[in-house]
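The structure under discussion appears below in the form of structure tokens.
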Amino acid sequence: MDAYKKFVKELNPFQENQYENITQDKLAIFTMYFLEEKRIPLYFEYIGIAMFKFFPKRFSLITFKEYPDLYRISNLLRLHLRPTDRNWAVGNIRTNFSITTLGKEVAKETKKMLNNPNLQKKVLAKKNESKRIKSIEGDVDEIINSNLFKKWQENKESINEFEIFSFLGVMSFTRKEVIKKRILKLKDICKNTKNTEALSFMNYIIELLKF
């Protein structure tokens, strides 16, 4: 496992012009295909870090650009690549993923585009594909529309640390002060917008993590 971690951590980024017009889901399936070709297990954390290492401009946190946005990455893997959507991959973030035949074909085409940006279409990818919600209201909407928030409403006792880390866009080995800063930022946003339910949710997260 240490060899896998070392391999992923040492991946080099693509130039931004190589991927600026390629959609995020195609970048994700390319990354998964690359790891599979290198015999790296398709575990969520390996995929998430590899996506960030390859394409930092697309998959970093808004505020802490040196860290991957694992919450957004997990949503991309769970919601957009699954059989009921693109049908490019199967699996889940708790165990592992595998790539479908269709997914492999898309990955190969994406590889060609990455290696030769001139093959890419001259139009930019749809703006809403990569747009990041940066307003205070938008951040609150992201909180209350998240799967974790819905789970908190329905059965808060079943929430685990892994789900919280995924929601926060951090990893289990992320420094505690970084996690705390992320949580407090979200809590302040809830206070500023006077969304009492979202604030109660964030307080519950803080209590679980013992911050």
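Before moving on, here are some points about what is shown:
- Residue within segment 43-58 that is assigned by TED's automatic domain parsing to the domain that holds Ile99, of a type in the set (D, E, K, R) and over 27 Å from Arg182 (Cβ atoms) present: no
- On inspection, Leu208 passes the criterion of being in a helix (DSSP H, G or I) and either touching a Lys or Arg at 6+ places or on another chain (Cβ under 7 Å) or more than 25 Å from Tyr46 (Cβ to Cβ) (or both).
- Sole exception among (1) modelled with pLDDT under 90; (2) under 20 Å from the mean Cα position of the chain (by Cα); (3) more than 30 Å from Thr110 (Cβ to Cβ) for Phe211, by number: (2)
This table checks each residue for (1) exposed (fewer than 13 other Cβ atoms within 10 Å of the Cβ); (2) not in a loop (DSSP other than H, G, I, E, B).
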{"position": "Glu157", "(1), (2)": "yes, yes"}
{"position": "Ile164", "(1), (2)": "no, yes"}
{"position": "Val170", "(1), (2)": "no, no"}
{"position": "Thr174", "(1), (2)": "no, no"}
{"position": "Glu177", "(1), (2)": "yes, yes"}
{"position": "Asp188", "(1), (2)": "no, yes"}
{"position": "Ala198", "(1), (2)": "no, yes"}
{"position": "Met202", "(1), (2)": "no, yes"}
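- Arg182 charged (D, E, K, R), within 19 Å of the chain's Cα centre (by Cα) and loosely packed, with under 13 Cβ neighbours inside 10 Å: no
- Search result, residues across segment 87-118 that are aliphatic (A, V, I, L, M), modelled with pLDDT under 90 and within 20 Å of Pro13 (Cβ to Cβ): Met113
- Those helices (runs of 4 or more DSSP H) lying entirely in segment 1-111 with at least 3 residues surrounded by 17 or more Cβ atoms within 10 Å (Cβ to Cβ): 24-37, 44-54, 70-75
- Scanning segment 1-34 for residues that are without any contact (Cβ under 8 Å) to a residue 24 or more places away in the chain and of a type in the set (A, V, I, L, M) returns Met1, Ala3.
The values are calculated or read from the model by the stated rules, or taken from the named source; none is laboratory data. None of the values given here were measured: they were computed from a predicted structure. Reconstructed Cβ throughout: ideal geometry from the backbone, glycine too, with neighbour counts over all protein chains shown.
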